[in-house]
Amino acid sequence: MAIERIHDVVILGTGLAGLRAAMELSLKSNGEIDIAMISKVQIMRAHSGCAEGGTGAVLRESEGDSLELHAWDTVKGSDFLADQDVVERFVELSPKEILLLEHYGLPWSRREDGRIYQRPFGGHSFPRATMAADKTGFMEMQTLYDTLTQFSNWTNYHECFATDIIIEDGLFRGITVIEAKTGQCLLIRGKALLIASGGTGCLYGFTTYSQTVTGDGQALALRAGMTLEDVEFLQFHPTGLVPSGILMTEGCRGEGGTLANKDGERFMANYAKEKMELAPRDIISRAETTEILEGRGFEGPDGLDYVHLDLRHLGAETINKRLPLIREVTMKFLGLDPILEPIPVRPVSHYAMGGIETDINAHTRFENIWAAGEVACGSLHGANRLGTNSTAECLVFGAVAGHEIAQYLKKKKTCPDCPAQRVDTIEKEIFDDFLKRNGKENPYEIRRQLQVIMDRHAGVYRDAAEMQAGLNKIAQLRERFKQIAVKDKGRVYNSNLFNVLETRNMLILAQVLLMSALKREESRGAHSRRDFPKRDDEQWLKHTLVTLQDGEIKFDYKPVTITKWQPVERKY
Ligand SMILES: Cc1cc2nc3c(=O)[nH]c(=O)nc-3n(C[C@H](O)[C@H](O)[C@H](O)COP(=O)(O)OP(=O)(O)OC[C@H]3O[C@@H](n4cnc5c(N)ncnc54)[C@H](O)[C@@H]3O)c2cc1C
């Protein structure tokens, strides 16, 4: 029998979005609102702590930047799929977040004149990556967490793995989690739920993401009857370290780093003459892939051919001051000092533009459910996100969600009940079905094969035959998954079971991604099809919506919100 816990608000995820929302709820209620904070890892181990390069915000209107310019860069970067009302709200709120964190003690990097330093980033027309060297996410997490510790209104459910969201009659009723240290199932109820559980990077083998980023929130939402949006748009970051996939921040190029092929040519001149290495990520990832496919890359291990990221001309002082993490990582992982040698890089799975559908207030279609951060799709990033806009999005829409939920709680005095029989069914499925499975298939092998399929069949360039072949292979994996063995039958710290539940989530999301991509017969942003190489605004200037109905994946579409900027050709 699950142990029941009741709070005002349940927050799934303690990354930047979850922590920022918790801070807003605490500040707004002076610590009165009772919050459950759930994370499958220790609270500060969320992937947000890995964010490196910076957080996008307009701080220098007197020096030539403007909210309008940030909005335009974001809309153009999105290949015109972003909802423009959301973009406008975002650019207006993000500078406030930088100042708020400054006031709470975040040590932003400084210019000589003592003001906050901002560096250039891809697709931005003005330097607006606000940073703490190349450890921005860590400092942001630390500042939010420190601030939260002044309050005692929140309960820390860390190392608790969420398995299911329970919705009944259009209302969130509870979330079931397995507490790692006891193996006990908990039912955590609340008047409102915020889903802030991060991205899907680990659908791919070659990724910048932590092992934990497996799209659980998206899969839980889908299974609970919620709508996912634009899942086909998966960003490849142009500079993943070969062979590990560790991110070499765009800040490297922001500080002046260049890319070269094996002939020593700065090939970006052939793809984005003006912006060169500071073109948006989709364009640079395609350029690198083309160079490699046409034989101008370096031969890498396991087919991971690469190009060079060269920082040598920046000099030791800039590298040590602005990119210390990059130097530490390349030295530790490759024994390579970027002051002396170029770095081997290639496109790497990085960011999910799509996610749980929300409106401009981070609200979903369900009365008491909100979603914010990478798990959500507002849609701020459309078909391609600009660097720095994600941490900023987490802060902005984490705060917006916190504010909206605080308002909602003023009207809602009671917590909706949760039918016991729903919880029983979930517990049976986990402990009597999954935990007891003794089949012949190794779940880790299935997960690895899924990642190989995604690397190969849903990559930088796509076409119908490749994607269909990928879908067929996933269908086979889903069949084989029914025959898995869970070797660890214990209850305490059963990471074996958690990995199996993650793989279940990944299998459905991979299928949704490929099906959405196959249906979208055009090229836009990160979704680039060889068989439909052009953007097609007549047919496809619309968002993909996906739901699960009686086990079947169903598609629908909705229009893009355009306020000021009509789609034009995207040149850099
Ligand atoms: C290496 C790297 C560098 C980056 N650099 C930048 C940058 O410089 N600028 C920028 O704007 N963006 C950057 N990004 C992207 C950005 O960091 C992320 O999009 C953002 O931090 C996501 O935050 P989040 O709060 O949505 O989720 P996360 O920080 O991923 O947190 C997710 C939370 O959900 C919890 N969770 C997930 N599933 C479950 C489950 N089943 N049960 C319980 N808990 C669960 C996790 O434990 C975690 O607490 C970078 C990303 C990476 C990987």
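General observations
- Identity of the residue in the stretch 145-163, more than 10 Å from the ligand (Cβ to nearest atom) and crowded, with 18+ Cβ neighbours inside 10 Å, that ends up nearest to Glu32 (Cα to Cα): Asn153
So that you can scan it fast, the table gives a plain yes or no per residue for (1) free of Cβ contacts under 8 Å to residues at least 12 places away in the same chain; (2) away from the ligand (no atom under 16 Å from the Cβ); (3) surrounded by fewer than 23 Cβ atoms within 10 Å (Cβ to Cβ):
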{"site": "Leu25", "(1), (2), (3)": "no, no, no"}
{"site": "Glu32", "(1), (2), (3)": "no, yes, yes"}
{"site": "Ile38", "(1), (2), (3)": "no, no, no"}
{"site": "Gln42", "(1), (2), (3)": "no, no, yes"}
{"site": "Gly54", "(1), (2), (3)": "no, no, no"}
{"site": "Gly64", "(1), (2), (3)": "no, yes, yes"}
{"site": "Ala82", "(1), (2), (3)": "no, no, no"}
{"site": "Glu88", "(1), (2), (3)": "no, yes, yes"}
{"site": "Lys96", "(1), (2), (3)": "yes, yes, yes"}
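- Screening Asn389 on (1) surrounded by 24 or more Cβ atoms within 10 Å (Cβ to Cβ); (2) assigned by TED's automatic domain parsing to the domain that holds Thr214; (3) touching a Leu at 6+ places or on another chain (Cβ under 9 Å); (4) more than 16 Å from Asp230 (Cβ to Cβ) shows it passes everything except condition (4).
- Of all residues in the stretch 30-89, those being β-branched (Val, Ile, Thr), within 21 Å of the chain's Cα centre (by Cα) and not in a helix (DSSP H, G or I) number 3.
- Reported count of residues in the stretch 98-117, each being surrounded by 19 or more Cβ atoms within 10 Å (Cβ to Cβ), out of contact with any Phe, Trp or Tyr (no Cβ under 8 Å at 6 or more places or on another chain) and closer than 25 Å to Gly256 by Cα, is 0.
- Test for Lys482: is it free of Cβ contacts under 8 Å to residues at least 40 places away in the same chain and of a type outside the set (Ser, Thr, Tyr): no
- Residue match in the stretch 325-340 (condition: within 17 Å of Leu12 (Cβ to Cβ), within 16 Å of the ligand (Cβ to nearest atom) and buried (at least 20 other Cβ atoms within 10 Å of the Cβ)): no
- Candidate set from the stretch 240-271 (those that are basic (Lys, Arg) and surrounded by fewer than 24 Cβ atoms within 10 Å (Cβ to Cβ)); member that is farthest from the ligand (Cβ to nearest atom): Lys262
- Scanning the stretch 226-247 turns up at least one residue that is within 28 Å of Ser516 (Cα to Cα) and touching a Phe, Trp or Tyr at 6+ places or on another chain (Cβ under 6 Å).
- Answer from Arg529, Arg520, Arg535, Arg524 - the residue that is touching a His at 6+ places or on another chain (Cβ under 9 Å) and either buried (at least 16 other Cβ atoms within 10 Å of the Cβ) or more than 11 Å from Leu81 (Cα to Cα) (or both): Arg520
- So His103, is it out of contact with any strand residue (DSSP E or B) (no Cβ under 7 Å at 6 or more places or on another chain) and either away from the ligand (no atom under 14 Å from the Cβ) or farther than 28 Å from Ile319 by Cα (or both): yes
The values are calculated or read from the model by the stated rules, or taken from the named source; none is laboratory data. This is a predicted model, so every value here is computed, not measured. Heads up, the Cβs are rebuilt from the backbone with ideal geometry, glycines too, and the neighbour counts pull from every protein chain shown.
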